[in-house]
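Following: one structure in structure tokens, then a few remarks.
The values are calculated or read from the model by the stated rules, or taken from the named source; none is laboratory data. In this text, all values refer to a predicted model and were calculated from it rather than measured experimentally. In this analysis, Cβ positions are derived from the backbone assuming ideal geometry, glycine residues included, and neighbour counts consider all displayed protein chains. All accessible areas refer to the heavy atoms of the entire protein, side chains included, with ligands and DNA or RNA removed. Shrake-Rupley method; radii C 1.70, N 1.55, O 1.52, S 1.80 Å.
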Amino acid sequence: QVQLVESGGGLVQPGGSLRLSCAASASIFYIYAMRWYRQAPGKQRELVAGIRSSGSTDYVDSVKGRFTISRDNAKNTVYLQMNNLKPEDTAVYYCYAYLPSQGYWGQGTQVTVSS
């Protein structure tokens, strides 16, 4: 069982930045692929960014060039740096730890982009 705790969400103006963190309880954190998803009101949850155990990354087109996912295996933590935020980025952001045989979700953190 892996427990994930997200932090760093909040209210920010358009064009602003936030950094989300997701701390994992697993001592073998480094073998998991880590992903950030988001879910806006009335919409399906969507994959925003992912980072493999190798460190390679993927992003949904709408955040490329603005968001950066990274991980610190020594701290069992994955980050999502979000720059140039837009109102359409408003959502609850969820961390997800993935192996082919199992997956674990965090509780989510709210990001609101509004003037």
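The residue pairs whose first member lies in the stretch 68-89 and is farther than 13 Å from ALA26 by Cα, whose second member is open to solvent by less than 10 Å² (accessible area, probe 1.4 Å) and among the basic types (Lys, Arg), and whose beta carbons are closer than 9 Å, counting only pairs six or more residues apart or on different chains, do not exist in this structure. As a summary of the residue check, GLY65 satisfies the conditions (1) open to solvent by 30 Å² or more (accessible area, probe 1.4 Å); (2) within 14 Å of the chain's Cα centre (by Cα) except for the one numbered (2).
When the stretch 60-77 is filtered for residues that are closer than 19 Å to ASP89 by Cα and not in a strand (DSSP E or B), the ones remaining, listed by number, are VAL60, ASP61, SER62, VAL63, LYS64, GLY65, ARG66.
Quick check on ARG38: is it open to solvent by less than 20 Å² (accessible area, probe 1.4 Å), in contact with a Lys or Arg (Cβ under 9 Å, 6 or more places away or on another chain), charged (D, E, K, R) and at negative phi? Yes.
Being open to solvent by 50 Å² or more (accessible area, probe 1.4 Å) and either touching a Pro at 6+ places or on another chain (Cβ under 8 Å) or assigned to a loop (DSSP other than H, G, I, E, B) (or both) is the requirement here; does GLN81 meet it? The answer is no for GLN81.
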